[in-house]
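Visitor: Here's a structure for you.
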Amino acid sequence: MCENCLLTDEAKLFAQSRYPFPPFIIRFPTPYIHEQKIVEELCKYLKENKQLALELSGYRKASAKCSSNECDLLLFVKNSYSFSILYDEKNWPQSILGLTYTRPSTPSIPPQLSLIIKNVSLSIDFADFTNEIKASYPNVRNVIRMKHKNQLNIKLVKLEFSEPGQRDEILNRGKIFVHFLTYDVEGYLAPARVLICSKCMGLGHFRKQCKQTQDTCKKCGQTYDDVNNHTSTCTQLQCIHCQGNHMSNDMKCPKVKQFRADLTKFLLSPAIQANHQGNYLNLNSTNFPPLNSAQRHTTFNHNPNSNHWSPNTGSTNSILIKLIL
Ligand SMILES: [Zn+2]
Ligand SMILES: [Zn+2]
Ligand SMILES: [Zn+2]
């Protein structure tokens with residue numbers, strides 16, 4: 001199939017689809033919870049005790065990662081303000097509805113709370129640079145030197161914030177001052193999220209649209225009637241896209257990377273940006289099944305209040321496309 005034929009409407013929608021923020025996970029010591037009541041109770045607690053209005057775009061119970069007498073509740077926040085509420089340890093109650101809980105992991109800070117500093121010399125003292133930024137902007141959590149695909153440092157530095165205020169302020173100004181130097185900043189774009197069919201491992205369609213009858217093993221690429229049984233013991237690795245020595249849903253696959261780069265280019269095209277708040281956000285969430293782990297870490301987003309991500313304003317976006325290729 002030609003490369004561009006794979007850029008289906010489903011693939012494009014999925015790339016910019018629901019739940020752009022990584023979920024917050026709460027683990028309960030019982031498999032029986034009332035999800036809705038827990039969510040309501042958490043929102044009520046935050047409102048009454050912290051005067052914070054948490055907004056969620058969804059929640060989902062999951063048990064795949066915990067033992068049989070536990071369950072997880074995944075919370076998907078609606079915006080970066082709500083992300084920052086849950087990101088702050090101090091905002092969590094001791095218990096919810098009388099249930100104790102743990103939080104097995106903290107989500108990574110998403111693109112909406114990140115920005116890119118451009119043209120940061122490779123010869124600076126990076127520890128010094130980091131300290132100065134954190135001293136001036138206490139809400140900066142991480143200062144990360146970006147790398148090219150070959151792991152060489154490049155002149156872009158990513159800042160990750162724990163809340164949107166300082167990040168948006170710097171982005172609106174378009175500049176940041178560090179050690180008496182002025183640097184240009186831009187919004188950070190993660191590479192587009194790639195839609196891979198969980199039945200045939202094909203690119204650009206959902207399982208329920210799949211025309212294949214048997215399932216494809218993601219390891220060896222062969223089809224089987226009972227693929228789960230087979231895959232658990234399968235030891236051969238052959239990608240169906242490139243015949244390489246990796247799983248067919250591996251984001252490192254050169255064919256998958258090319259597909260993702262094509263998607264990213266599409267998403268950055270001026271027509272899509274102009275249209276972004278129109279049709280492309282009117283998504284029916286029932287079309288989007290839970291993400292598999294290979295897809296979950298890749299999200300594509302932009303800040304609709306900022307125009308810093310236009311490909312015309314700088315080279316960051318083209319650099320990001322190069323980074324993922
Ligand atoms: Zn398929
Ligand atoms: Zn196999
Ligand atoms: Zn491959």
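Visitor: What residue, among those in the stretch 207-219 that are farther than 15 Å from Cys253 by Cβ and more than 8 Å from ligand 1 (Cβ to nearest atom), is least open to solvent (accessible area, probe 1.4 Å)?
Guide: Result: Cys217.
Visitor: Restricting to the stretch 166-189, and then to whatever is acidic (Asp, Glu) and either outside any strand (DSSP E or B) or surrounded by fewer than 18 Cβ atoms within 10 Å (Cβ to Cβ) (or both), can you tell me which residue is nearest to the chain's Cα centre (by Cα)?
Guide: So, considering only residues that are acidic (Asp, Glu) and either outside any strand (DSSP E or B) or surrounded by fewer than 18 Cβ atoms within 10 Å (Cβ to Cβ) (or both), the one nearest to the chain's Cα centre (by Cα) is Asp168.
Visitor: Could you tell me which numbered condition Asn142 fails, if it satisfies all but one of (1) modelled with pLDDT of 95 or more; (2) within 16 Å of ligand 1 (Cβ to nearest atom); (3) open to solvent by 20 Å² or more (accessible area, probe 1.4 Å)?
Guide: (2)
Visitor: Does Ile196 meet the test of being touching a helix residue (DSSP H, G or I) at 6+ places or on another chain (Cβ under 8 Å) and either touching a residue at least 24 places away in the same chain (Cβ under 8 Å) or surrounded by fewer than 18 Cβ atoms within 10 Å (Cβ to Cβ) (or both)?
Guide: yes
Visitor: What single numbered condition from (1) closer than 30 Å to Leu7 by Cβ; (2) more than 16 Å from ligand 3 (Cβ to nearest atom); (3) at pLDDT below 95 fails to hold for Ile196?
Guide: Unmet for Ile196, out of (1) closer than 30 Å to Leu7 by Cβ; (2) more than 16 Å from ligand 3 (Cβ to nearest atom); (3) at pLDDT below 95: (2).
Visitor: Still on this structure, please answer the following. Which of the residues belonging to the stretch 190-239 are of a type in the set (A, V, I, L, M) and either part of a helix (DSSP H, G or I) or closer than 21 Å to Glu10 by Cβ (or both)?
Guide: Ala190, Ala192, Val194, Leu195, Ile196, Met201, Leu203, Val227
Visitor: Could you check, for the stretch 240-253, whether at least one of its residues is away from ligand 2 (no atom under 13 Å from the Cβ), in a strand (DSSP E or B) and either touching a residue at least 40 places away in the same chain (Cβ under 8 Å) or in contact with a strand residue (DSSP E or B) (Cβ under 7 Å, 6 or more places away or on another chain) (or both)?
Guide: Checking the stretch 240-253: not a single residue is away from ligand 2 (no atom under 13 Å from the Cβ), in a strand (DSSP E or B) and either touching a residue at least 40 places away in the same chain (Cβ under 8 Å) or in contact with a strand residue (DSSP E or B) (Cβ under 7 Å, 6 or more places away or on another chain) (or both).
Visitor: Does Ile144 satisfy being assigned to a helix (DSSP H, G or I), without any contact (Cβ under 8 Å) to a residue 60 or more places away in the chain and either away from ligand 2 (no atom under 16 Å from the Cβ) or of a type outside the set (D, E, K, R) (or both)?
Guide: Judged against the criteria, Ile144 is not a match.
Visitor: Follow-up. Filter the stretch 117-135 for residues that are in contact (Cβ under 8 Å) with a residue 40 or more places away in the chain and assigned to a helix (DSSP H, G or I); which is surrounded by the fewest Cβ atoms within 10 Å (Cβ to Cβ)?
Guide: Asp128
Visitor: Quick test of your reading of the structure: Asp184 fulfils all but one of (1) farther than 30 Å from Asp125 by Cβ; (2) in contact with a Gly (Cβ under 9 Å, 6 or more places away or on another chain). Name the failing condition by number.
Guide: (1)
Visitor: Now, a different point. Among the listed residues Ile170, Ile196, identify the single one that is within 13 Å of ligand 1 (Cβ to nearest atom) and among the aliphatic types (A, V, I, L, M).
Guide: Exactly one residue qualifies, and that residue is Ile196.
Visitor: Looking at Gln222, Gln212, Gln151, Gln166, can you tell me which residue is of a type in the set (S, T, N, Q), in contact with a Cys (Cβ under 9 Å, 6 or more places away or on another chain) and away from ligand 3 (no atom under 16 Å from the Cβ)?
Guide: On the way: Gln222 fails: away from ligand 3 (no atom under 16 Å from the Cβ); Gln151 fails: in contact with a Cys (Cβ under 9 Å, 6 or more places away or on another chain); Gln166 fails: in contact with a Cys (Cβ under 9 Å, 6 or more places away or on another chain).
Going through Gln222, Gln212, Gln151, Gln166 in turn, the sole match is Gln212.
The values are calculated or read from the model by the stated rules, or taken from the named source; none is laboratory data. Since this is a predicted model, take the numbers as computed values, not measurements. Using ideal geometry, Cβ is built from the backbone for each residue, glycine included, and neighbour counts are taken over all protein chains shown. The protein model used for the area step is the full one, side chains on, heavy atoms only, and it has no ligands, DNA or RNA in it. Shrake-Rupley method; radii C 1.70, N 1.55, O 1.52, S 1.80 Å.
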